[in-house]
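Laboratory data are not the source of any read-out in this text; all were calculated from the coordinates shown. The model shown is predicted, which means the values in this text are computed figures rather than measured ones. Please note: Cβ atoms are built from the backbone with ideal geometry, for glycine as well, and neighbour counts cover all protein chains shown.
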Amino acid sequence: MSDRALRLALLGVSAAGVAVAGYLTAVHYRPAALICTGGGGCETVRESEYAVLAGVPVAVLGLAAWAAALALTLWGSELARTLTAALALSAAAFAAYLVLLQLFVIDAVCVWCIVNDVVLVPLLAVLALLRLRTAGSRGEG
């Protein structure tokens, strides 16, 4: 896959992440905006003590991370590639933690969170690592 294709894929995934995290942020501040499949999992997760970390909503942290991924991909330097990969791997570790919390502690699953944590974050990590590897193998800087 070419660097251009990887960069476009990263931009697309980051934009999707911004959209999902933006929606979750809006829902945090306006719970009535929540659109979720039945079962109440989204509400349970949103209302749990784990929805806020150090006084900051997890959705806001996600939005900031996705915005950073988008900005770093647009920047496109070797440092930006490295930072994108580091951000993606950190996000993947945090996403795994959040999924485990939903499954085993909160005992509820938010479909929007799963879209972010199980679909978009791993895709970001794979694409960022591929882009970093592609640049390194060609000696680009």
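Remarks
- Shown in residue order for the stretch 83-100 are the 3J(HN,Hα) couplings computed by the Karplus curve 6.51 cos²θ - 1.76 cosθ + 1.60 at θ = phi - 60°: 5, 4, 5, 5, 4, 5, 5, 5, 5, 5, 5, 5, 4, 4, 4, 5, 5, 4 Hz (x for Gly and Pro).
- Residues 117, 3, sorted so that the one with the fewest Cβ neighbours within 10 Å comes first: 3, 117
- For the chain, with +1 on Lys and Arg beta carbons and -1 on Asp and Glu, the positive-most of 100, 76, 18 along the dipole: 76
- Estimated from helical segments only, the mean residue ellipticity of the chain at 222 nm is -23000 deg cm²/dmol, where each DSSP H run of four or more residues counts as -39500 (n - 2.57).
- Whole-Hz Karplus values for the stretch 50-56 come out as 8, 6, 10, 10, 6, x, 10 Hz, taken residue by residue from phi with 6.51 cos²θ - 1.76 cosθ + 1.60 and θ = phi - 60°; glycine and proline positions read x.
- Compared with the dominant Cα axis of the chain, that is its longest principal axis, helix 121-138 is turned about 10°.
- Separation of the stretch 53-73 and the stretch 82-141, taken as the distance between their Cα centroids, equals 13 angstrom.
- Rounded to the nearest 10 degrees, the inclination of helix 58-75 to the longest alpha-carbon principal axis of the chain is 20 degrees.
- For the chain, the Stokes-Einstein estimate of translational diffusion at 25 °C and a viscosity of 0.890 mPa s comes to 158 µm²/s, using the Kirkwood hydrodynamic radius over alpha-carbon pairs.
- Sum of side-chain charges, residue 31 neighbourhood, beta-carbon under 15 Å (Lys, Arg +1; Asp, Glu -1): 0
- When +1 charges are put on Lys and Arg Cβ atoms and -1 charges on Asp and Glu Cβ atoms, the dipole computed for the chain relative to its Cα centre reaches about 500 debye.
- Per-residue Cβ neighbour rank within 10 angstrom, fewest leading, 30, 133, 7, 81: 30, 133, 7, 81
- Taking amide H as placed 1.01 Å from N in the peptide plane, residue 52 has its amide H under 5 Å from the amide H of 58, each at least 5 places away in sequence or on another chain.
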